[in-house]
Structures are given as C-alpha cells and as structure tokens.
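Input: a single structure, listed below in structure tokens.
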Amino acid sequence: MVHSRAHEPLTVSDIARAADLSVRGLQESFQRVLERTPMEYLREVRLRRAHDDLLRSEPGTVSVADVAVRWGFTHMGRFSGEYLRRFGEYPKQTLRR
C-alpha cells in the first residue's frame, strides 16, 4: 500500500487501516522489522521515487519542485537536505546528469 499510494497524502492511520492494525501495532511492527517508523519508510520510498524521476527526466522539461511536489514534498529546502543526505548530491545535480 505504501508503494502503490506513495504519491498520495498518507497518514500513519491510513497505513494502519490498510494493514488492519492499530497505529501502535503498525509502529511496533515497522520498528521491529524495518528499524524505522512508518512515516520514515514512506519518506524513503518517496525520496527513491523522486530520485528515479529526476534521473529519467530531461533537464528543462521538469523542475526539481515539480518532482518534489509530485512525491509529497512541499518544503523545498527540507526536500533538498533530505535528498542530499540520502543520495550524496542535490536534486538539481541529479536532474542535470
């Protein structure tokens, strides 16, 4: 569900409902199995999708902001910082490849 609906504005409650778990049960399961919270996992999925989109896009046909918003990131500074930590470069550098 997280992967198929990553572009939607999901909450922990949405994910728990889809998994037929309580919010607490979902959080415990994610922590035990993936060593992260459900929202951290969702953010990682979205970052990877944004990265893939930037790699596939032609410079000048899309902006970093377009891709970020498509994957649920509304604060460009925060997106850029998280992207840098995850991929070792800024989103605009990936787009220019």
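The table for this structure:
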item: Residues of the stretch 88-97 that turn out to be open to solvent by less than 50 Å² (accessible area, probe 1.4 Å) and part of a helix (DSSP H, G or I), as a count; result: 3
item: Qualifying position, being crowded, with 17+ Cβ neighbours inside 10 Å and basic (Lys, Arg), among Arg78, Arg43, Arg36; result: Arg43
item: Among residues of the stretch 24-79, those that are over 17 Å from the mean Cα position of the chain (by Cα), of a type in the set (Val, Ile, Thr) and either under 14 Å from Leu10 (Cβ atoms) or modelled with pLDDT of 95 or more (or both), counted; result: 1
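The values are calculated or read from the model by the stated rules, or taken from the named source; none is laboratory data. Quick caveat, the model's predicted, so the values are computed rather than measured. Glycine gets a Cβ as well: all are built from the backbone with ideal geometry, and neighbour counts include every protein chain shown. These area figures cover heavy atoms from the full protein model, side chains too; ligands, DNA and RNA do not enter into them. Shrake-Rupley method; radii C 1.70, N 1.55, O 1.52, S 1.80 Å.
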